[in-house]
Amino acid sequence: MIRRGIIFAAAVVLSTACTSDRVSDRESDRGSETMPTRDVMTVMDAHVAELMSLAGVAGVAVGELDGTPCIQVLVIELTEELRAAIPETLEGYPVDVQVTGEIRPL
């Protein structure tokens with residue numbers, strides 16, 4: 001009888017641990033889709049220096065992606081390292097990476 005109680009308690013602990021991991025994963029996924037609390041221009045202004053400091057980034061702009069305001073990151077060439085360094089969202093806005101090549105003034 002005691003052995004069954006120990007096995008049951010271990011199963012409860014394991015299932016709780018697994019469930020809490022899954023909830024955490026969902027919460028972190030939800031965090032990337034949260035509603036923005038600031039205007040897209042304000043968010044872009046807050047992150048432009050950090051994005052422009054990445055080697056290969058030619059510019060940052062506000063755009064539209066599937067009818068939703070987004071932050072566009074214009075890159076000279078999209079490398080795996082650059083893709084990994086650019087976030088998928090910033091403060092609830094999607095980030096759209098556009099390969100533009102080098103941008104030169106006219």
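What is the set of long-range amide H partners of VAL60 at a cut-off below 5 Å, with H atoms built 1.01 Å from backbone N?
Amide H to amide H, under 5 Å and 5 or more residues apart or across chains, VAL60 pairs with LEU74.
Relative to the present Cα-Cα distance, how much length would full extension add between THR100 and ASP66 at 0.36 nm per residue of separation?
10.3 nm
VAL57: net charge of surrounding residues, Cβ under 14 Å, Lys/Arg +1, Asp/Glu -1, itself excluded?
Local net charge: -4.
How large is ³J(HN,Hα) for each residue in region 71-86, as worked out from phi by the Karplus curve 6.51 cos²θ - 1.76 cosθ + 1.60 (θ = phi - 60°), to whole Hz, x for Gly and Pro?
In residue order, the calculated couplings are 10, 9, 10, 8, 10, 5, 8, 8, 9, 4, 5, 5, 4, 5, 7, 8 Hz.
Would you mind counting up the charge near MET41? Only other residues with Cβ under 15 Å from its Cβ, with Lys and Arg at +1 and Asp and Glu at -1.
Overall, the nearby charge balance is -3.
ILE76: net charge of surrounding residues, Cβ under 12 Å, Lys/Arg +1, Asp/Glu -1, itself excluded?
Result for the local shell: -1.
Check LEU65: other-chain or 5+ apart residues with amide H under 5 Å from its amide H, H built from backbone geometry?
CYS70
Bear in mind that the values in this text are calculations on the coordinates, not laboratory data. None of the values given here were measured: they were computed from a predicted structure. All Cβ positions, even for glycine, are placed from backbone atoms using ideal geometry, and neighbour counts span all protein chains on display.
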